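In what follows, a single structure is set out as structure tokens and then discussed.
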């Protein structure tokens, strides 16, 4: 398996997060063997979700791995990587993926690029990654050197999820028995409030800010997001005011997203907010302030009352979808 590209898949119930499939698709495009790595108490149960996108699936099983302990997971992956020498190890640039790969890089003494928006093979066969720097004001192209393994966390929506193909073989592996002794230990889980679509993986996001005037104003954002089949985000001002949970905050101190469509309702467009959505494909801004900075970064802008424009837009979208 030397020279293979591994993707550590992030579980979500009996499936995996879409960003894991996106990473598998990118790994396959780079050539060579594509290996999906699953970690959990019964990791093989999740294999059907990734096998159609990988040459091989490694299912590493131990009860402690089900608790999402990055300490235990990094130890298992490091030992496995030293034995099987993958060319690179990828994961989604989620809170889980960034934490895990950072710990793994420290154990392996390996190069690590977090939050990559592009991943390609250079002329010499080494991987090259592009990531935002200076708060999203610029992008850096980074080339790996040495024998690897090279570690990359790919931002969600950086690449499309691939179509399924022939299922790869599944290999079940037992993890060391002493993993349970490794700190920290998960003692409780609480599900975060959220909509039907995960914000980080949404193709369309409708974000609302101070301009919606209160928590009840988010109903307009929810209606438009529902029409688009997307998720609802929020500016820092709206979150600080208590109108929305912090999990919905987009920006430097919140979530980083890369949807195909980003609609901003009543958001001025401060640089801290734009840092969280600067790789959105299409940006639509609705604001009654014609001088709002966000208009300079929009593909389409509507100056007017968002309480009239957003519902009208949602209605037109519903009509189009019904045809």
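Here are a few things to note about the model shown:
- When region 173-184 is filtered for residues that are assigned to a loop (DSSP other than H, G, I, E, B) and closer than 19 Å to residue 8 by Cβ, the ones remaining, listed by number, are 175, 176, 182.
- Every residue from region 40-57 that is within 20 Å of the chain's Cα centre (by Cα) and either assigned to a helix (DSSP H, G or I) or surrounded by fewer than 17 Cβ atoms within 10 Å (Cβ to Cβ) (or both): 46, 49, 50, 53
Condition check ((1) outside the structural domain of residue 89 (by TED's automatic domain parsing); (2) modelled with pLDDT under 90; (3) assigned to a loop (DSSP other than H, G, I, E, B)) across all residues:
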residue	(1), (2), (3)
139	no, no, no
146	no, yes, yes
152	no, no, no
161	no, no, yes
164	no, no, yes
171	no, no, no
186	yes, yes, yes
194	yes, yes, yes
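- Members of region 227-271 found to be part of a helix (DSSP H, G or I) and free of Cβ contacts under 8 Å to residues at least 40 places away in the same chain, listed by number: 236, 237, 238, 239, 240, 246
- Restricting attention to region 292-302, the residues that are surrounded by fewer than 16 Cβ atoms within 10 Å (Cβ to Cβ) and either at pLDDT below 95 or in contact with a helix residue (DSSP H, G or I) (Cβ under 8 Å, 6 or more places away or on another chain) (or both) add up to 0.
- Residue pairs meeting the criteria (Cβ under 6 Å; at least 6 apart or on separate chains; first within 17 Å of residue 88 (Cα to Cα), in region 9-37; second at pLDDT 95 or above and surrounded by fewer than 18 Cβ atoms within 10 Å (Cβ to Cβ)): 35/56
- Evaluation of residue 199 against (1) under 21 Å from residue 305 (Cα atoms); (2) touching a strand residue (DSSP E or B) at 6+ places or on another chain (Cβ under 6 Å) (one fails), failing number: (1)
- Looking only at residues in region 274-291 that are outside any loop (DSSP other than H, G, I, E, B) and free of Cβ contacts under 8 Å to residues at least 40 places away in the same chain, the one that is surrounded by the fewest Cβ atoms within 10 Å (Cβ to Cβ) is 282.
- Screening 203, 115 for residues that are closer than 22 Å to residue 96 by Cα and in the same structural domain as residue 234 (by TED's automatic domain parsing) leaves exactly one candidate, 203.
- Qualifying residue in region 59-82 (condition: at negative phi and free of Cβ contacts under 8 Å to residues at least 12 places away in the same chain): no
- Residue in region 70-80 that is assigned by TED's automatic domain parsing to the domain that holds residue 102, outside any helix (DSSP H, G or I) and surrounded by fewer than 18 Cβ atoms within 10 Å (Cβ to Cβ) present: no
The values are calculated or read from the model by the stated rules, or taken from the named source; none is laboratory data. Because the structure is predicted, anything quoted here is derived from the model rather than measured. FYI the Cβ positions are ideal-geometry reconstructions off the backbone, even for glycines, and counts take in every protein chain you see.
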